[in-house]
1. Compute, for the stretch 222-279, the length of the dipole vector about the Cα centre, with Cβ point charges of +1 (Lys, Arg) and -1 (Asp, Glu) only. Units Debye, rounded to 20.
2. When you take every Cα atom in the stretch 222-279, what is the radius of gyration, and what is Dmax, the widest Cα pair distance, in Å?
3. Beyond 14 Å, what share of the Cα-Cα pairs of the stretch 108-162 is found? Please give it as a whole percent.
4. Cα atoms only, the stretch 1-78: Rg and Dmax in Å?
5. For LEU114, what is the net charge nearby, where nearby means another residue's Cβ is under 13 Å from its Cβ and Lys, Arg count +1, Asp, Glu -1?
6. Which values of log₁₀ I(q)/I(0), to two decimal places, follow from the Debye formula for the stretch 133-284 at q = 0.11, 0.16, 0.19 Å⁻¹ with a uniform point scatterer at every Cα?
7. Could you name the aspartates and glutamates in cross-link range of LYS166, using Cα to Cα under 13 Å and dropping any fewer than eight places away on the same chain?
8. Mind putting a number on the dipole of the stretch 4-216 about its Cα centre? Charges go on the C-beta only, +1 for Lys and Arg and -1 for Asp and Glu, and I need it in Debye to the nearest 20.
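Just so you know, all these numbers are worked out from the coordinates, no wet-lab data involved. Keep in mind the model is a prediction, meaning the values are calculated, not measured. When we count neighbours, we look across all protein chains shown, and the Cβ atoms used for this are built from the backbone with ideal geometry, even at glycine.
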Amino acid sequence: MTAIELKALTKRYGDRTAVDGLTCVIEPGRVTGFLGPNGAGKSTTMRMILGLDRPDGGGAYVGGRRYTDLPDPMREVGALLDARAVHGTRTARDHLLWLAHAAGLPESRADEVLRQVGLESVARRRVRTFSLGMSQRLGIAAALLGDPAVLLFDEPVNGLDPEGVKWIRELMRGLAGEGRAVLVSSHLMSEMALTADHLLIIGRGRLIADVAMADFVRRSSGVLVRADDPEPLVKRLTGEGAEVRTVADGGLVVGGMEAGEIGRAALAAGVALTELTPQRTSLEEAYMELTRDSLEFKAVAV
């Protein structure tokens, strides 16, 4: 099985550091969601994995080798970075045939991936007539052409209708289920919550979180607690390893403990509770809280 490994990966543009010492492993057999605010360095990281940008420090490796050192890259790595980066006068089939010939792949693969992405009926239409959603499907077909073990998708659901979004979700999960490493960036949190098994979150080029999806959401959730005398309860809860923060109205949000455990801790501390309400945080809420201080571009209310 093939993994992507980033080792202290760094990229600078003048005095701006776009990617700052990024170290992580994108494991095979799962969909890894690559999240971060605009300008966080996601696309730059993907470009360095593919050898399109040269790192200023560290390295990106696929199966232990740099992309530029792979003997047969299209059979090992497939990628969709820009759905519109296609010569508009070519037909969809000719575009894929050109890629297949360049990679030494059989012509039959072009027809196979066109069927796989649902573009068989428009295979002989010129690409310039395609909608964004159709171009996304063609880009995915190109990524799948060499039947690679590693796949990178940058915002693949842009322009897709609901059926298309569902299709690509199932496609990515199916590819990961076959043992492939799938790295996908997206700003559509509701869809990422249904698709990704694992999360890499970066802000201002630095790694903020490298965590399983379920663990990330669970850690960001908590239990709302109100008590007649909260001080001894806080001492008891923190002593047992819980994370406790006070909200504006004086209530407590307790993380790392279930409601039943909090109730038993309150009983042991001799504190009467007036509220004990589990709160489940969505991926979007947890992500927004984590990246609040990493936003490069912030709108100002007028």
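1. So the magnitude is around 80 debye.
2. 9.6, 26
3. Summing the P(r) of the stretch 108-162 above 14 Å gives 53 percent of all pairs.
4. Spelled out, the Cα radius of gyration and Dmax of the stretch 1-78 are 12.4, 38 Å.
5. Once all neighbours under 13 Å are counted, the net charge is +1.
6. Ignoring solvent entirely, the Cα scatterers give -0.60, -0.87, -1.07.
7. Leaving aside aspartates and glutamates fewer than 8 places away in the same chain, those within reach of LYS166 are GLU191.
8. 580
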